Amino acid sequence: MTETSETSETSETSVSTTDLVILGGGSGGYACALRAAQLGLSVVLVEKDKLGGTCLHRGCIPTKALLQASEVADAARNGHQFGVKSTLEGIDMGGVNKYKDGVVAKMFKGLQGLVASRGISYVEGSGKFVAPNAVDVDVDGQRYTGRSIVLATGSYAKSLPDLEIGGRFITSDQALNLDYVPDRVVVLGGGVIGVEFASVWRSFGAEVTVVEALPRLVPAEDDFCSKQLERAFRRRGITSKTGVRFTGATQSDSGVTVSLESGEQLEADLLLVAVGRGPNTADAGYAEAGVAMDRGFVLTDNRLRTNLAGVYALGDIVPGLQLAHRGFAQGIFLAEDIAGRTPAPIDEDGIPRVTYCEPQVASVGLTEALAKDRHGDIETIIYDLAGNGRSQILQTKGAIKLVRAKNGPVVGVHMVGDRVGELVGEAQLIVNWDAYPDDVAALVHAHPTQNEALGEAHLALAGKPLHAHG
Ligand SMILES: Cc1cc2nc3c(=O)[nH]c(=O)nc-3n(C[C@H](O)[C@H](O)[C@H](O)COP(=O)(O)OP(=O)(O)OC[C@H]3O[C@@H](n4cnc5c(N)ncnc54)[C@H](O)[C@@H]3O)c2cc1C
């Protein structure tokens, strides 16, 4: 492994050869760079916008800051439930944005310092993959050659045909920076991003309608989660229109009109288009250089190798869950693989998923439907959070569903309720370590925690329920 880069000059461009060139400095790209540098590889990291990518600047972190502000708003509004005299006077979006931007700025600074301290060559500019070992960067006109190349250019917010983003038609990119709270919003798309924004705006006082073409909200989750969430949203006054197609929208100075296949028209101030994320691969030269692709996504094997020798891909451009921690894990995996450490491939089924709306949805492993396909005979149990002390203290409703292969290990954990995202750490150990209900039932959980609910659910699945009714 070389630790230094050699540089030579050609007549037109200068050429640097390094162990690893990474195109894109988002969650996956920078994690790969940090781990590779730690393992002694020389690394060039090319980023055209901001180090940290979608997650830090337009995704996970700013949305979770908005959700935190919305939790504070709900706490102020609902103080009476706890005997606390509080009222919600209103939302100061200037203040909310200042808090959110402060969190992002602090993490951005920390990340920049980390990358600089690891001896990574950070190149600002738009890169183009021009050959299996080369990336050209527009700003400095340099060609960076690497013994290995990792493609990590991430994703963008998609829209629908004939629905051009602009004005009152927005995506999450604009929604994150609104300087006012809309009175009425239509959210097109009931997936993770759609329901998170629906939740924020409702807590901030808006009337919210979520339109989803599939029959249920969070359609990638077990349908138990969808039912729980839809019920909770109804209680919160969020309208969900599922199984209904959007047919068009118009906008004027005063608002938007959204038309549905049912003939219904919805009036609102804004239309949030949250219909998924497309891979950022069109302008980066991949197809031209011969990378095998499918509908814009880069195809890889389970070791993240593309069809070209020495060229790998990770994160949102590779089909699968579009989550930051998947990208981080893939980045670390690739760095170790390229450094010759032969890590085990990542088990995609074992990646935890959290939707941070109120109430939260958290899961890991197989849904009931998938478990039936894979294991045939299965068993499930639903444990209601009504039996859990901490959940009652929080005044949250919700439940935990476990799925196990018949007489086998737990293969899926699905949870809905306040703060259940924090339980996914235990859930992922259970699923990824192939635990049996008896294994978990034997573990003592601290009281009163919500983790106890996981313990109790496993007690029930092991045939010895304690605080379970009915
Ligand atoms: C609103 C929202 C909320 C989200 N919330 C969560 C969450 O709570 N939890 C979670 O796990 N995930 C969340 N995600 C998803 C998460 O942000 C992504 O899965 C993750 O950022 C993907 O990482 P990546 O490295 O593949 O790509 P990205 O983070 O998109 O990074 C790709 C980088 O490549 C750069 N780039 C692109 N083309 C070029 C080029 N030609 N040259 C140089 N640089 C280039 C881009 O500027 C970008 O910085 C959220 C996403 C959104 C939009």
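Read-outs throughout are calculated quantities, based only on the coordinates presented, and are distinct from any laboratory measurement. Every value quoted in this text rests on a predicted model; they were computed, and no experiment measured them. Every residue, glycine among them, receives a Cβ derived from its backbone with ideal geometry; neighbour counts consider all protein chains shown.
For a Förster distance of 22 Å, can you work out the FRET efficiency between the beta-carbons of residue 49 and residue 158, rounded to the nearest 0.05?
Computed FRET efficiency for residue 49 and residue 158 comes out at 0.75.
For residue 92 and residue 265, what is the calculated FRET efficiency with R₀ set at 25 Å and r taken between the beta-carbons, to the nearest 0.05?
So the FRET efficiency works out to roughly 0.15.
Go through region 55-65 residue by residue and turn each phi into a ³J(HN,Hα) via Karplus (6.51, -1.76, 1.60, θ = phi - 60°); whole Hz please, and just put x for glycine and proline.
Residue by residue, region 55-65 yields 3, 6, 9, 9, x, 3, 5, x, 5, 5, 5 Hz.
Sticking with the crude label model, points 7 Å out along Cα→Cβ, report the distance from residue 382 to residue 177 in nm, one decimal please.
Result: 4.3 nm between the two label points.
So for each of 279-290, 362-373 I average, over its residues, the number of other beta carbons within 10 Å; can you give me the resulting order with the highest mean first?
362-373, 279-290
5 Å is the cut-off here: which amide hydrogens, built 1.01 Å from N in the peptide plane, fall below it relative to residue 305, excluding neighbours closer than 5 in sequence?
Residues meeting the amide H criterion: none.
How do 93, 415 line up, fewest other C-beta atoms within 10 Å first?
93, 415
Set the Förster distance to 30 Å, then compute FRET efficiency between residue 247 and residue 292 from the Cβ-Cβ distance, nearest 0.05.
Result of the calculation: an efficiency of 0.25.
Report ³J(HN,Hα) in whole Hz for each residue of region 82-87, in order, from the Karplus equation J = 6.51 cos²θ - 1.76 cosθ + 1.60 where θ = phi - 60°; Gly and Pro get x.
10, x, 9, 7, 9, 9
Just the Cα atoms of the chain, one point each, no solvent: what log10 I(q)/I(0) does Debye give at q = 0.09, 0.11, 0.14 Å⁻¹?
-0.68, -0.99, -1.37
With each label point set 7 Å from Cα along the Cα-Cβ vector, what nm distance links residue 124 and residue 223?
Calculated label separation equals 5.2 nm.
Label points 7 Å out from Cα along the Cβ direction at residue 344 and residue 80: separation in nm?
Computed distance between label sites residue 344 and residue 80 equals 5.4 nm.
Long-range amide H contacts for residue 293: which residues qualify at under 5 Å (H placed 1.01 Å from N, peptide plane, sequence gap of 5 or more or a different chain)?
Residues meeting the criterion, in which the H sits 1.01 Å from N, are 299.
Amide H neighbours of residue 411 under 5 Å, counting only residues 5+ apart in sequence or on other chains, H built in-plane at 1.01 Å?
Under 5 Å from the amide H of residue 411 lie the amide H atoms of 403, 404, 405, each far enough along the sequence or on another chain.
Which cysteines in the chain lack any other cysteine whose Cβ sits under 4.7 Å from their own Cβ?
So, 32, 225, 357.
Please list 3J(HN,Hα) in residue order for region 264-269, calculated via the Karplus relation 6.51 cos²θ - 1.76 cosθ + 1.60 where θ = phi - 60°; whole Hz, with x for glycine and proline.
Residue by residue, region 264-269 yields 5, 10, 10, 9, 7, 7 Hz.
Which entries of 401/464; 64/128; 100/128; 109/397; 100/227 show an alpha-carbon separation above 27 angstrom in the structure shown?
Correct reply: 64/128; 100/128; 109/397; 100/227.
What is the local net charge at residue 226, summed over the other residues whose Cβ is closer than 11 Å to its Cβ (Lys, Arg +1; Asp, Glu -1)?
Local net charge: -2.
Mean residue ellipticity at 222 nm from the helices of the chain, using -39,500 (n - 2.57) per DSSP H segment of n ≥ 4 over the full residue count, to the nearest 500 deg cm²/dmol?
Taken over the chain, the calculation gives -9500 deg cm²/dmol.
Relative contact order, percent, of the chain when contacts are C-alpha pairs under 8 Å separated by at least 6 residues?
So the answer I get is 14 percent.
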